[in-house]
Structures are given as C-alpha cells and as structure tokens.
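Read through the structure below, which is laid out as structure tokens, and then see the notes.
Please treat every number below as a calculation from the coordinates, not as lab data. Predicted model only: the values in this text are computed from it and were never measured. Ideal geometry is used to build each Cβ from the backbone, glycine not excepted, and the neighbour counts take in all protein chains shown.
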Amino acid sequence: MQDYSIERSGVPNLDFTGEIIGQSGAPKPSILIYRTDTKKFVGQLRADQKFSLAQHFDNADGVIAWFKYNYSQTIVPAVQDAIEDAAKHDDAFKAAWNEHV
C-alpha cells in the first residue's frame, strides 16, 4: 500500500492509502483504478500530470458506472483495459465485470 494524493480541478484533492489494481495500457496510463486500504475504490481519469477527474466509491459497480457517465454512457477501450486489469486483481471487480450464467 502507498499514499496517494490526486489533484482535482475545482474540488479538494483526493487523498488515500491504497494500491493500483487496474490501469489502461501505454507508458502513461490515462485510466487508473485503485483499491483503498479501507476496501473502497477510486477511479481516475488523468488528462495530464496536473489535472485529473477522480472519485471514490464503495463498490466496483459505482466505479464502472462513473466511467460510463464520463464517456457518454459507453466503455471506451482504455476504460475497458483498466476494468479488465482490475478484474484480474480484485474479486469484487471480477464479479461486477464478468457475466456468469
């Protein structure tokens, strides 16, 4: 676990202790998903080093819905990469993302 402080535009910084469980590809991932030490989740849309949209949630479904909201109700490839990566590292994300019949 490590301490994070995400600088957000127009709202207070989001500070928490946790770990990255999912991220989009590329050398500088634009989509990150964290699990906090209190078992909450944080979604981050990083525009650049200084500006991010980030929000915390009690469950994986909330994070997925927030990403959809920020991308006009769709899951873009970078978000899907991060969610699928999170599903590999967290059972709650796996249950929320994978459909079991």
Nearest-5 percent of antiparallel DSSP beta bridges in the range 2-95? 95
Relative to the chain, whose Cα atoms define the longest principal axis, helix 60-70 and its Cα axis are tilted in degrees, nearest 10, by 60
Please determine, in degrees from 0 to 90 and to the nearest 10, the orientation of helix 77-89 with respect to the longest principal axis defined by the Cα atoms of the chain, where the helix direction is its Cα long axis. 70
Please report, largest first and rounded to whole Å, the three semi-axes of the ellipsoid equivalent to the chain, where each semi-axis is the square root of five times an eigenvalue of the C-alpha gyration tensor. 20, 16, 13
For K39, go through the lysines and keep the ones whose alpha-carbon is under 24 Å away, minus same-chain ones fewer than eight residues off. K68, K88, K94
Label zone at S9 (point 7 Å along Cα-to-Cβ), backbone N below 13 Å, the range 50-80: 50-54
Computed [θ] at 222 nm, helices only, for the chain once each DSSP H run of length n ≥ 4 contributes -39500 (n - 2.57): -9000 deg cm²/dmol
Taking Cα pairs closer than 8 Å and at least 6 residues apart, the relative contact order of the chain in percent is 24
